[in-house]
Structures are given as C-alpha cells and as structure tokens.
Amino acid sequence: MIYGHGDDGYRYAIPFKANFSSNIWHEGTSELLLSYLREQLPLIANYPAPNADVLTQQVADHHGVNSSQVLITNGATEAFYSITPLFLGKKAAIGIPTFSEYEDACLRSNMKIRHFDRSEVLNTSFEEDLVFLCNPNNPNGYSNTTLEIEKLITDFPDTTFVIDEAYIEFTLEIESCIKLLEKFTNLMIVKSLTKLFSIPGLRLGYILCNTEIGKKLQSSKIPWSVNTMAIEAGKHIFENYIELYPDMAALLRYSSQLQQQIDTLDGFTVIPSNTNYFLVKLETPSAPLLKDYLAHTHQLLIRDASNFRGLDSHYIRIASQSPEKNELLINALQQWSMLQ
C-alpha cells in the first residue's frame, strides 16, 4: 500500500498547525542529530557501505547479540519485504487490525493469508509457516508481554513469528522480546529508528534474528538499499543513544490526558491505549468527513483508520502531541460535535 498510511499531509495544500496522523516522536528530529547530519552531507558523493557494517556492529553491541544476527534495512517496511521471500508460496497469519505492509509483503511472495483478531492471539492456534504480530499493535496499542510471546513461540515451534517492535519504546507496559532470540530459532524481531528519533524521511530499521536466518536474509538483500545519510544517522544515534532518547514518560502522560478528554466528548469513544497513539470510535461512520473538516477548517491532520483491515469509517487514529496542540484538537472536535 503505497498510499493510505498516516502523515498524508502532502495531499493537502495546507500549513497544518498540528499533525496527529503520524505516530512518531512529536517534537521532531533532534537538533543534535540534524547538526551532525549537516556535517556529513559531503559523504553523499560516495557510495554507502553495502551492508552498513559499522552500524550493524553498533546495533549488535547495543542489543547484546552477534553482528550476524542483525540486518540493517530501509525502514521496517523493507524488513517485511525481505522476510516474506524466505516463505515463498507458504502460509501466513496476520493479527488485525494492523499495519498493511505485512499483507502486501505476503501477497508479493504469493503466500496464502489468514487474518485473526490481534487481541485474541493467545486464544488462536497456528499451523501457518509465518505469523506477523505488531507489539504494541498499530493502530490500537494492544500488546503482549514477553512471557506471552514466549508461550506462543513455544506452543507453535513450526511457525516463525515476526514481532514488529516499531513502537516498543512508546509504551512502558511491556519490554522487548530480544532476550528470546537466545532460546528460539523461530523468531524474528523488526525494529525501527524512524518513529523514536523522528527520521521517517531517512528510512532506517533493522531485523534481529538467529544467525542462520540472518545469512539467508543477507544473501538476498538488495545492495545499497540504505543510503549514506540514513547510515550516518543510525551511527550517531547509537553513539549518543541516551542523550538523544526522548522524554517518553511525558508524551505518555499527554496521551493519557488526551484520551480522557476526547472520551468525554459527545459522539466519540476512545479505545484505551498505553501508547502515544489510540483509536477513537465515532458514533456515526464519518471518519473521512471529520478528517477533511479538521484539515480545512482547523488545519489539523488526523488518521482516517477506515482502511485498516477489520475497521471501517467509524474509526480514526490519534497520536498525541504537546498539551498545547492537543488542546487545539479538543476544541476542534467539540466544534464538530456541535455541528452534528
């Protein structure tokens, strides 16, 4: 799905006051990182390292794994499209509603897909070769603990589980499943630097897996898929990880407050989430209309969630911003509610 994701402000000739459609770090890219990247611009005159070797080692050291267990990718999306060819023509299961690129990647590899309710994963049996789980899930923030994921992997040893942890840093309720890589070969973890460090335009993510799968992924990877500036951004992030790490506790407080405020408005029901983003169910199926109203009348951008499989035009997704910007949204939703 090239189109249909959040952050589609490019479709509007509007100077938005706030963007609630993209669930990334709301304050934008760190000035420390931007300053470093400006200094690295002359490097674009040369080809990037084909396998991003230095960054690969930094990621491995950061997570306490071997470099042979790491594959740097052009965002998390390239990771999914790199994984599915290993299961060409086989079966996949996808917990919905969720990120659409899992399904698109499976279809490209001619896989037979079964969808199941993401919130019922612990009550679901799997005979598929591959299962995709976003944890915490996009768009509703639903999550499973490491112990719950471990039970799934143990109960279905013939199934490979791909755990998408693109938003793991955006919750304090669960931890990463990385430690399970020591025990299981039927596990792959996909990580993203795009969301946490607000660099979606650079596209940078990676896969963590066992060495055998790592070799297979590396042998089929497109050369130079990760550009020089993305690699340099990643290197700088891991060299300055603590300093660059955003104040997530504050953002989650803002999200909790925003959820409570929206839930009090007529016509809006919040589906509670422990992340910075959450779904809102509308009393009437008016998500596209509400999105256009907020864009054109209030210069605010939200996510119409109706194109998530399993949802419809009763649903929008909101990603919390600062308290000041959140107040703009509350006021705008109140005005919309009075017009209905």
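The values are calculated or read from the model by the stated rules, or taken from the named source; none is laboratory data. Please read these numbers as outputs of a predicted model, since none were measured by experiment. Positions of Cβ are backbone-derived with ideal geometry, glycine not excepted, and every protein chain shown enters the neighbour counts.
Which condition number does LEU33 fail, the rest of (1) surrounded by 21 or more Cβ atoms within 10 Å (Cβ to Cβ); (2) in contact (Cβ under 8 Å) with a residue 40 or more places away in the chain; (3) of a type in the set (A, V, I, L, M, F, W, C) being met?
(1)
Can we say ALA92 is over 14 Å from SER220 (Cβ atoms), in contact with a helix residue (DSSP H, G or I) (Cβ under 9 Å, 6 or more places away or on another chain), without any contact (Cβ under 8 Å) to a residue 60 or more places away in the chain and not in a helix (DSSP H, G or I)?
Yes.
Of the conditions (1) in contact with a Lys or Arg (Cβ under 8 Å, 6 or more places away or on another chain); (2) β-branched (Val, Ile, Thr); (3) closer than 22 Å to PHE20 by Cα, THR146 clears all except one; give me its number.
The failed condition is (3).
Would a scan of region 256-275 turn up a residue that is of a type in the set (D, E, K, R) and farther than 30 Å from SER35 by Cβ? Reasoning before the result, please.
Going residue by residue through region 256-275, those that are of a type in the set (D, E, K, R) are 263, 266.
When the remaining residues are screened for being farther than 30 Å from SER35 by Cβ, the result is 263, 266.
The answer is yes; a qualifying residue exists.
Among (1) closer than 28 Å to PRO246 by Cα; (2) not in a helix (DSSP H, G or I), where does ALA60 come up short?
(2)
Would you confirm whether any residue within region 83-91 is over 20 Å from LEU311 (Cβ atoms), buried (at least 22 other Cβ atoms within 10 Å of the Cβ) and either in the same structural domain as VAL162 (by TED's automatic domain parsing) or not aromatic (Phe, Trp, Tyr) (or both)?
Yes, region 83-91 contains at least one residue that is over 20 Å from LEU311 (Cβ atoms), buried (at least 22 other Cβ atoms within 10 Å of the Cβ) and either in the same structural domain as VAL162 (by TED's automatic domain parsing) or not aromatic (Phe, Trp, Tyr) (or both).
Select, from ILE222, ILE242, ILE189, ILE213, the only residue that is over 30 Å from THR269 (Cβ atoms), aliphatic (A, V, I, L, M) and touching a Leu at 6+ places or on another chain (Cβ under 7 Å). If you could, list the steps in order and put the result at the bottom.
Working: ILE222 fails: touching a Leu at 6+ places or on another chain (Cβ under 7 Å); ILE242 fails: touching a Leu at 6+ places or on another chain (Cβ under 7 Å); ILE213 fails: touching a Leu at 6+ places or on another chain (Cβ under 7 Å).
Exactly one of ILE222, ILE242, ILE189, ILE213 is over 30 Å from THR269 (Cβ atoms), aliphatic (A, V, I, L, M) and touching a Leu at 6+ places or on another chain (Cβ under 7 Å), namely ILE189.
May I ask you to say which residue of PRO15, PRO97, PRO42, PRO48 is surrounded by 15 or more Cβ atoms within 10 Å (Cβ to Cβ) and more than 27 Å from ARG309 (Cβ to Cβ)? Walk me through it before giving the result.
Values: PRO15 fails: surrounded by 15 or more Cβ atoms within 10 Å (Cβ to Cβ); PRO97 fails: more than 27 Å from ARG309 (Cβ to Cβ); PRO42 fails: surrounded by 15 or more Cβ atoms within 10 Å (Cβ to Cβ).
Exactly one residue qualifies, and that residue is PRO48.
All but one of (1) among the basic types (Lys, Arg); (2) assigned to a helix (DSSP H, G or I); (3) outside the structural domain of TYR81 (by TED's automatic domain parsing) hold for LYS216, so report the exception by its number.
Here LYS216 clears every test but (3).
Within region 217-252, count every residue that is over 23 Å from CYS134 (Cβ atoms) and either crowded, with 16+ Cβ neighbours inside 10 Å or polar (S, T, N, Q) (or both).
14
Scan region 304-340 for residues that are more than 23 Å from the chain's Cα centre (by Cα) and aromatic (Phe, Trp, Tyr) and jot them down.
Result: TRP336, single match.
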